[in-house]
Amino acid sequence: MSVFSSLIKECRLNQKLSIRSAATLIGISYTYLNNLEKGLDKSTGTVNKPTPETLKLISSAYHLEYSYLLELWGYLAKSDLEVSPKVQELLTTCKGFTDKDIDLVIEFAKYLLWKNSKET
């Protein structure tokens, strides 16, 4: 199973969604989501490479970094997304946050930027 397949299945299970309800939330068919979670299209035996548009839908529904999903599928080079280990840790920590939680983190980050600009 690929990193992507494991990731989206874990996200679905963490949100306690069935494959059908997750597919509805994302805006794709449950058959396609099932194939993505398994890593292969069983009827053809080939890997289903989601389009950037599908990755955008998945990132929105599961609160995942769109750029990270693009990187996983080779739409972006890894060097385009270099971030420090601390930023990676922050993203990992926030992975299960709700939109409201993320809004609070953003507001706090803005406050820290403002505070630091006043101290210099």
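Report the accessible area of Ser60, computed with a 1.4 Å probe over the heavy atoms of all protein chains in place, in Å² rounded to the nearest 10.
80 Å²
At a probe size of 1.4 Å, how large is the accessible area of Phe108, to the nearest 10 Å²?
120 Å²
For mean projected area of the Cα convex hull in nm², one of [x] 7.9; [y] 14.9; [z] 8.8 was computed from the structure I shared and the rest are decoys. Which label?
From the options [x] 7.9; [y] 14.9; [z] 8.8, the structure gives [z].
Where does helix 85-94 land angle-wise versus the long Cα axis of the chain, in degrees 0 to 90, nearest 10?
70 degrees
Taking K and R as +1 and D and E as -1, what net charge do the other residues with C-beta under 14 Å from the C-beta of Arg12 add up to? Before the final figure, lay out each step's value.
Values: positive: Lys9, Lys16, Arg20, Lys38, Lys95; negative: Glu10, Glu37.
Around Arg12, the surrounding residues sum to +3.
To the nearest 0.05, how large is the calculated FRET efficiency for Leu40 and Lys86 if R₀ is 30 Å and r is the Cβ-Cβ distance? Intermediate results must be reported in sequence, preceding the final value.
Details: r = 36 Å, r/R0 = 1.19.
With a Förster radius of 30 Å, E is 0.25.
To the nearest 20 Debye, how big is the dipole of the range 16-120 about its Cα centre, given +1 on the beta carbon of each Lys and Arg and -1 on that of each Asp and Glu?
Details: 13 positive and 13 negative charges, 49 e Å.
About 240 debye.
Quick one: helix 52-62 against the long Cα principal axis of the chain, what's the angle to the nearest 10°, folded into 0 to 90?
Orientation of helix 52-62: about 70 degrees from the principal axis.
Subtracting the Cα-Cα distance from 0.36 nm times the residue separation, let me have the gained length for Ser21 to His63 in nm, one decimal.
13.5 nm
Using a basic spin-label model with each label point 7 Å from the Cα along Cα→Cβ, how many nm lie between Ser117 and Ile102?
For the pair Ser117/Ile102, the computed spacing is 2.4 nm.
The values are calculated or read from the model by the stated rules, or taken from the named source; none is laboratory data. Here the structure is a predicted model, which is why all the values come from computation and not from measurement. Cβ atoms come from the backbone with ideal geometry, glycine included; neighbour counts cover every protein chain shown. Side chains are part of the model used for accessible areas, which takes the heavy atoms of the whole protein and leaves out ligands, DNA and RNA. Shrake-Rupley method; radii C 1.70, N 1.55, O 1.52, S 1.80 Å.
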